[in-house]
Amino acid sequence: MEEWRFAIQIAAFSGRGDPTPIAETEKPLPAAVKDNRDKLLERAMSRHQYSGDALIEVLHTAQELYGFLSPERLKTIARKLRLPPSRVLGVASFYHFFSLEPKGEHTMVVCLGTACYVAGALGLVEVLQRRCGAGSKVSVQTARCIGSCGLAPAVIADGKILARVTKASLGAELDRIG
Amino acid sequence: MTIEELNQTQADETARQQALDERIYCCTAAGCISCGAEGLRNAITEQVKSQGRLDKVEVCGTGCMGMCSRGPLVMAASGTALYGNVTPSDAPALASGNPLDRRPLADRQIDLNAPFFTQQVRIVLANSGRVDPEKLTDYIAAGGYQSLARALTELKPPEVIEEVKTSGLRGRGGAGYPTGLKWELVSKQISPTKYIVCNADEGDPGAFMDRSVLEGDPHRVLEGMAIAGYAVGAQQGYIYVRGEYGLAIQRLQTAIKQAEREHLLGSRILESGFGFRIDLRIGAGAFVCGEETALIASIEGKRGQPRQRPPYPPESGLWNQPTLINNVETFANIPPIIEKGGAWFASIGTPSSKGTKVFALAGKIANTGLIEVPMGTALRTILFDIGGGIPEGKFKAAQTGGPSGGCIPEQFLDTPVDYESLARIGSIMGSGGLIVMDNASCMVDVARFFMEFCMDESCGKCIPCRAGTVQMHDILRRMTLGDASEDDLAMLEELSGLLRETSLCGLGQTAPNPVMSTLRYFRQEYEAHIRERRCPAGHCRIEAGVPA
Amino acid sequence: MSVKTLEIDGKMLTGVAGETIFSVAWNKGIRIPRLCHIGGISDVGACRLCLVEIEGQKKLQASCLTPVEEGMVVHTDTPKLRAHRRLIVELLFAERNHICSVCVMNGDCELQELATELGIDHVRVRYQFPSLPVDLTHERFGLDHNRCILCTRCIRVCDEVEGAHTWDMLGRGTNSRVISDLGEPWGASDSCTSCGKCVQVCPTGALFAKGKAVGEMRKDRTFLKYIVTAREKKQWIE
Ligand SMILES: Cc1cc2nc3c(=O)[nH]c(=O)nc-3n(C[C@H](O)[C@H](O)[C@H](O)COP(=O)(O)O)c2cc1C
Ligand code: SF4
Ligand code: FES
């Protein structure tokens, strides 16, 4: 069991795979939602009449509720929507929005869209890679244009957009979250 | 609501707004929100309340006002005084309405007679910055849903299509296919079920036009889609929005609910026999899903991989039914075309490219933000008059069309911006991202950057794109490290030809464009990297001693 | 059924409406190169090797997906097409680790055959040398990702003919990989019926039967046609 899960993660995250972009409005879940996650996911599926066409919507809901898509979750979804498991994993791994492993306590998403690239976003990635190596609480990700080009370079820190980030201001933000 | 009620609501709301002393618009588009616009808006509302002027002053959130570089923006005095870089401490001054109190803001007032504003023609963005995207009545007061009403009562479906054909509107999603012709194709299909799809997957890095339209004026897109549904005989529409656009998704959801409640969408639109529903589909982070056949696969819950065309979506699209796919901006142009007529629209722009185009200005330019100009406006006007020029350094190139486009060097600054002229100089109109680069940008690295994008976003279905982008990126990467030879350059060009001619979809076919256009205008930079192992822009860190 | 007359490589040929250029050509012995197509399952037009030039059309067209039309003039073997095909095959060789000398399919591999036909004696692009696993957990078969060219024949045959849909594709772009079920080892798959169809349709040595030595494996690529024809004509009822 453990072994094949490991295999998926390696497969999905090895090589050049682009990390997951994340929605800018990500907020911690209220307790009422957290305790009823299974029910809420079930409701989302029944709203779509358990149709396989709704796979992506259901995966969105599952990721919102649980933060990531575990193999057990994918298996449940496949069974309920009557889809082959391989198709569910195929879809989940095609879209970079879906994450197959849990995220760190904090996330820093550096936008690498053209405007941010021209404004020197690669330098910010270097800073993050240097400071948030293995064992860090911060997961560093990059995104392909978050649509805030007017504010380049932009970084999304735990769901909040930081505008015109410099190496210094990024360092300060990292110091703040510890 | 009936058409009479629609007219009544418009009259009532207009009268209510006119009775106010002042409407204060706070830009609450994504750009300004990230500079604290929400807090600012609350502070102003609080101040209005504490000064006891709630009945005289209305504080509204609006869509993008364009000058994102000066955010957060506040437009006071009902749209006659614009202030930039406003902070919550300015709230008392703004709330008071007394010109003397507003003096401290004078140095941050933005001149509305500056070329940034006077050179623009706003059709798609007409309401952006003047209408609260979360209030249906605001949109109705600005004449919203009148075009839908007119289409349903005065025009037969073929007449609507005729009007769109007369307008000469071409798709704003990139390829520029005549919209009227596409509508006609779909309308001629005999099928009980047809679909309308709005492509809001805006994936080009450096483009945020569609996002701003959806955030600033969502009802306009809904109205355009409903008119399209009436014209081609579809009852169901989908909007495929990028998952990253949280605020746009939220505002669309609100707008759809409002419109359904008032019977402006749903089974009996304006109490007529015409019904049209719109549902949202949220993208999940795949650029290729902007390609229409991949988008269809994605709505059907599959991996977003393109398929061979023909059959084109107008014949066989979503669930194999005839499907009309248009871009957000294309739909946003429809209500004014129906309201003022196709001939009016055709009078703007150039003979082959009609109307206006929204551009997102970004990069090394003073006024980063959102602008709308008539087709055919010279690039120089856009960059230097409207955009305010390059803050420091010297202009080197403007990039249009994102990863499918090209770089435009200085000698073409006077090129009019329209579909044909841009294609002639090796770029494309694309969806409207316009990124300015100064002499600190290395064109080889720019090409590498876009190739990396295409490599990451390649769906992997066809070999030339899947494996070719990897090889092209590898060559470009080695060039920026000073580790490439003349043979590599020749192979780069051979691969460019292969991808362009053999890839299955537009992503692979256009992936070599940034390489080919930089090779065309900046070949000496490539040669410097290879022969002299030197980066003329001083951007690439080529270390001495690495074997070439 | 209406008949269409067209010219392919200078020969006047006929096909029925709806038939593809590829099928008409092959029936008359004009062997257009292909990797993703195999008779009996749907076509996806992914390998781009079967592209042909059609007079009057600017773009090259995938012959496996383009229906014949009256009066078409088609060229299947021009210098441009040969150059493109050569580079596509080179890209495939560089993408994964294809080492014919140690492969069970040496001598019967469609990729190897193509390379020979196109006269590819060396590869001009850089080898990527990805590190990829080999799945030997199935009792009778094996899957070596190093030899996979992502043609998706196995995925399609398993879904369309066997109806099991054990296989699918993980990830995207150059990181794509064929998976069984939820990425479990093949041997642990619940849905696999061990019918072996995927092994037979695989053009290379990526899917193979266990217990074969180098160069020993031979595949029957025509069986599919019989199954599908039989099914269409309901021949198994009698
Ligand atoms: C790789 C690729 C990405 C695309 N991305 C978008 C996009 O983000 N938004 C869009 O409207 N059109 C995009 N298109 C164009 C669409 O395929 C389609 O032509 C367009 O939505 C049609 O609408 P229009 O006629 O209104 O332009 C893309 C095309 C390709 C090949
Ligand atoms: S060109 Fe690229 S994105 Fe398009 S089908 Fe081929 S691999 Fe996929
Ligand atoms: S056989 Fe036609 S594209 Fe592969």
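The values are calculated or read from the model by the stated rules, or taken from the named source; none is laboratory data. Computed from a predicted model, the values in this text were never measured in an experiment. FYI the Cβ positions are ideal-geometry reconstructions off the backbone, even for glycines, and counts take in every protein chain you see. With ligands, DNA and RNA removed, areas are computed over all heavy atoms of the protein, side chains included. Shrake-Rupley method; radii C 1.70, N 1.55, O 1.52, S 1.80 Å.
Rounded to the nearest 0.05, what FRET efficiency do B:Ser485 and B:Lys257 give with R0 = 60 Å and r taken as the Cβ-Cβ distance? Could you check? Can you show the working numbers first?
Values: r = 61 Å, r/R0 = 1.01.
In this case the efficiency is close to 0.50.
Averaged over its residues, chain B has an accessible area of 33 Å² per residue, based on protein heavy atoms and a 1.4 Å probe.
If the segment from C:Met12 to C:Arg218 were pulled out straight at 0.36 nm per residue, it would be longer than the present Cα-Cα gap by 70.6 nm. A crude spin-label estimate for the pair B:Ser89 and B:Glu46, with each label 7 Å from Cα along the Cβ direction, gives 1.5 nm.
Taking a ≥ b ≥ c as the square roots of the Cα gyration tensor eigenvalues, with a/c under 1.5 meaning rounded and otherwise prolate when a/b beats b/c, else oblate, which class fits segment A:41-84? Oblate.
Quick one: net charge of B:Leu324's neighbours, Cβ under 13 Å, K/R +1, D/E -1? Kindly include the intermediate steps, with their values, before the conclusion.
Values: positive: B:Lys182, B:Lys188, B:Lys194; negative: B:Glu184, B:Glu292, B:Glu315.
Neighbourhood net charge equals 0.
In whole angstrom, segment C:97-232 maps to an equivalent ellipsoid with semi-axes of 24, 19, 15, each derived as √(5λ) from the alpha carbon gyration tensor and ordered largest first.
Any idea of the total accessible area buried by the B-A contact, 1.4 Å probe, rounded to 100 Å²?
Details: alone 20910 and 10510 Å², together 27750 Å².
Its buried surface, counting both partners, is about 3700 Å².
Legend: P(r) of segment B:462-548 from all alpha carbon pair distances, 10 Å bins from 0, whole percents, reading 18, 48, 27, 7, 0. Cross-link partners of C:Lys219 among lysines, defined as those whose alpha carbon lies under 28 angstrom from its own and excluding same-chain residues fewer than eight positions apart: B:Lys461, C:Lys28, C:Lys197, C:Lys210, C:Lys233, C:Lys234. A Förster radius of 30 Å combined with the Cβ-Cβ distance from B:Glu410 to C:Asp77 puts the calculated FRET efficiency at roughly 0.10. Total buried accessible area between B and C, probe 1.4 Å, nearest 100: 2700 Å².
How large is the dipole of segment A:89-178 about the Cα centre if only Lys and Arg carry +1 and Asp and Glu carry -1, each at its Cβ, rounded to the nearest 20 debye? Before the final figure, lay out each step's value.
Numbers: 9 positive and 6 negative charges, 29 e Å.
Magnitude of the dipole: close to 140 debye.
For segment B:143-346, the square roots a ≥ b ≥ c of the C-alpha gyration tensor eigenvalues yield an a/c under 1.5, which makes the shape rounded.
In whole percent, and with a 1.4 Å probe on the protein chains, what portion of the accessible area of the protein assembly as shown is carbon and sulfur? The computed percentage sits at 51. Taking a ≥ b ≥ c as the square roots of the eigenvalues of the alpha carbon gyration tensor, segment B:429-511 is oblate, as a/c is not under 1.5 and a/b does not beat b/c.
Restricting attention to segment A:29-155, lysine pairs at least eight places apart or on different chains and with alpha-carbon atoms under 18 angstrom apart total 4. Grab the other residues whose beta carbon is less than 15 angstrom from that of C:Arg218, score K and R as +1, D and E as -1, and report the net. With Lys, Arg at +1 and Asp, Glu at -1, the neighbours total -1. Given R0 = 35 Å, the distance between the Cβ atoms of B:Ala19 and B:Asn320 translates into a calculated FRET efficiency of 0.05.
Simple spin-label estimate for B:Lys394 and C:Cys195 gives 6.9 nm between the two label positions (7 Å along the Cα-to-Cβ direction from each Cα).
Lysine pair count for segment B:143-346 with Cα-Cα distance under 19 Å and sequence separation of 8 or more or different chains is 9. Solvent-accessible area lost on pairing C with A (1.4 Å probe, both sides summed) amounts to about 1600 Å². In segment C:33-57, the residues that give up 40 Å² or more of accessible area when the other protein chains are added, compared with the chain on its own (1.4 Å probe), are C:Ala46, C:Arg48.
Which of the peptides B:421-428, B:176-183, B:531-538 is most tightly packed, and how do the rest follow, judged by the mean count of other Cβ atoms within 10 Å per residue? Let's see the in-between values first.
Values: B:421-428: 18.8, B:176-183: 20.2, B:531-538: 15.2.
The packing order, highest mean first, is B:176-183, B:421-428, B:531-538.
Counting only the backbone N, which residues of segment B:475-511 are under 13 Å from the spot 7 Å out from the Cα of C:Lys58 toward its beta-carbon? Counting backbone N atoms under 13 Å from the label point, the list is B:501.
With protein chains left intact and a 1.4 Å probe, residues in segment C:3-77 average 42 Å² of accessible area per residue. Remark on segment C:80-109: accessible area falls by at least 30 square angstrom from chain-alone to full-complex state for C:His84, C:Leu87, C:Ile88, C:Leu91, C:Glu95, probe 1.4 angstrom. Rounded to the nearest 500, what is the protein assembly as shown's calculated 222 nm mean residue ellipticity when only DSSP H runs of at least 4 contribute -39500 (n - 2.57) each, over all residues? Helix-only estimate at 222 nm: -11000 deg cm²/dmol. The label point for C:Thr5 and the one for A:Lys103, both projected 7 Å from the Cα toward the Cβ, are 6.6 nm apart.
For segment C:199-232, the list of trypsin sites (Lys or Arg not before Pro) that fall in a loop by DSSP and count at most 13 other C-beta atoms within 10 angstrom reads C:Lys210, C:Arg218.
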